[in-house]
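For reference, the structure is listed below as structure tokens.
Derivation of every value follows stated rules applied to the coordinates shown; laboratory data play no part. Because the structure is predicted, anything quoted here is derived from the model rather than measured.
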Amino acid sequence: MSLFVSRIAAVRVMTRRVAPVQKRPIVSYLTNYPDKVNEIKKIQCKGGTQQGEANPTWLKQSSDKMVAGFVFAVAAMGLLRLGSGYYKLATGKGKME
């Protein structure tokens, strides 16, 4: 009986189907994404090392200006709120009664 059971187990192991491989479209997209490092590097290195306010190196890409503008706008809004808060503390205005 044990020989019969071992043969059945061996046949089951040999005929077992391979588990299907998962399809991961986002992982495939990210790993097969085209490499644009050299193009961006050419833009960043264009003109050598330019120091100064006329052509800052951190504003060379097209999206850098929009990001910098957003950061400066949020910082300015925070500083204005901070200044108005200190003014209200100093003068006693805006109290909740």
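For this structure, a couple of remarks:
- Helical segments meeting 27 Å axial Cα length and Kyte-Doolittle -0.5 threshold in the chain (DSSP H): 64-91
- Here is how the number arises for the chain: DSSP H runs of 4 or more residues each give -39500 (n - 2.57), the sum is divided by the residue count, and the result at 222 nm is -19500 deg cm²/dmol.
- Annotated for the chain: lysine pairs at least 8 residues apart or interchain, Cα distance under 26 Å, count 10.
- Considering only V71, V37, V21, the Gaussian network model of the chain with Cα springs below 10 Å gives its largest mean-square fluctuation to V21.
- Cα shape, the chain, gyration tensor, a/c 1.5 rule: oblate
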